[in-house]
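**Student:** Take a look at this one; I'll ask things after.
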Amino acid sequence: MTIFDYISNILFTKKENCFSTVDDEKQFSPYLINRWLSMYGKSTISACDIANKYTQVFSNKAECYKFLSVIFPKVTQKKIEYIKKKKTEEDDANFLLLAKNKELSVREIKNYIDLLKS
C-alpha cells in the first residue's frame, strides 16, 4: 500500500483493517499522513491539530490508524493539491548576481546566508 491508499482509506472509504502484511505497517507514517490530510481543506485542519497532539501516545501503528480513521470525518473524494512555497524571481536574481560577483555557486551563497542567520 502507498501513502495515498492510507489517505483514501482514512478520508473517503473508512476501511477498518488495512494492514494485511507487516510491510504495510512499516510503510505507514503518521507524520506524512497528517501532513497530507491537512492539505485536503478547511474541514480537516482541526482534526489534524488533534491528531498531531495524540499520535505519539499509541504503541503501534494499527492503533494510530484506527484513531485517525475515527477522528477524521468521511468526506467526498477530491484531488489533494500539494502546497508549495512560492519562489520569487528577485531572490534568484540576487543570488545569481552575488554568486557571479564573489565567484561562488548559488548553493554556496545560500549556505553562507543560512549560516549567518543562525
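Read the figures in this text as sums done on the coordinates, not as results from a lab. This one's a predicted model, so the numbers in the text were calculated from it and none came from an experiment. In this analysis, Cβ positions are derived from the backbone assuming ideal geometry, glycine residues included, and neighbour counts consider all displayed protein chains.
**Student:** How large is the helix-only mean residue ellipticity at 222 nm for the chain, computed as the sum of -39500 (n - 2.57) over DSSP H runs with n ≥ 4, divided by its residue count, in deg cm²/dmol to the nearest 500? Could you put the intermediate results ahead of the total?
**Tutor:** Numbers: 7 runs with 71 residues, N = 118.
One gets -17500 deg cm²/dmol as the mean residue ellipticity at 222 nm.
**Student:** Quick check: residue separation of Thr13 and Ala99 times 0.36 nm, minus the Cα distance between them. What number comes out in nm?
**Tutor:** This chain segment gains 25.8 nm when fully extended.
**Student:** Pop the C-beta distance of Asp24 and Val70 into the FRET formula with R0 = 25 Å and round what comes out to the nearest 0.05.
**Tutor:** 0.85
**Student:** For labels at Ala62 and Leu32 in the simple 7 Å Cα→Cβ model, what's the distance in nm?
**Tutor:** It works out to 2.2 nm between the two label points.
**Student:** Any chance you could give the angle, 0 to 90 degrees and rounded to 10, that helix 61-71 forms with the longest Cα principal axis of the chain?
**Tutor:** Approximately 80 degrees, to the nearest 10.
**Student:** Take the alpha-carbon positions of segment 1-64, form their convex hull, and give its projected area averaged over all directions (one quarter of the hull surface) in nm².
**Tutor:** 4.1
**Student:** Tell me the Kirkwood hydrodynamic radius of the chain in angstroms, computed as one over the mean inverse distance between distinct C-alpha pairs. Don't skip to the answer; put the middle values down first.
**Tutor:** Values: mean 1/r = 0.0585 Å⁻¹.
One decimal place: 17.1 Å for the Kirkwood radius.
**Student:** Which angle from 0 to 90°, rounded to the nearest 10, does the C-alpha axis of helix 89-102 make with the longest principal axis of the chain?
**Tutor:** For 89-102 against the chain, the angle is about 50 degrees.
**Student:** Separate question: For Lys79 and Met1, compute 0.36 nm times the residue count separating them, minus their Cα-Cα distance, and round to one decimal in nm.
**Tutor:** Details: separation 78, 0.36 × 78 = 28.08 nm, distance 1.83 nm.
In short, 26.3 nm is gained.
**Student:** Can you give the FRET efficiency for Asp91 and Ser118, using 1/(1 + (r/R0)^6), R0 = 22 Å, r = Cβ-Cβ distance, to the nearest 0.05? Before the final figure, lay out each step's value.
**Tutor:** Numbers: r = 19 Å, r/R0 = 0.85.
Efficiency at R0 = 22 Å is approximately 0.75.
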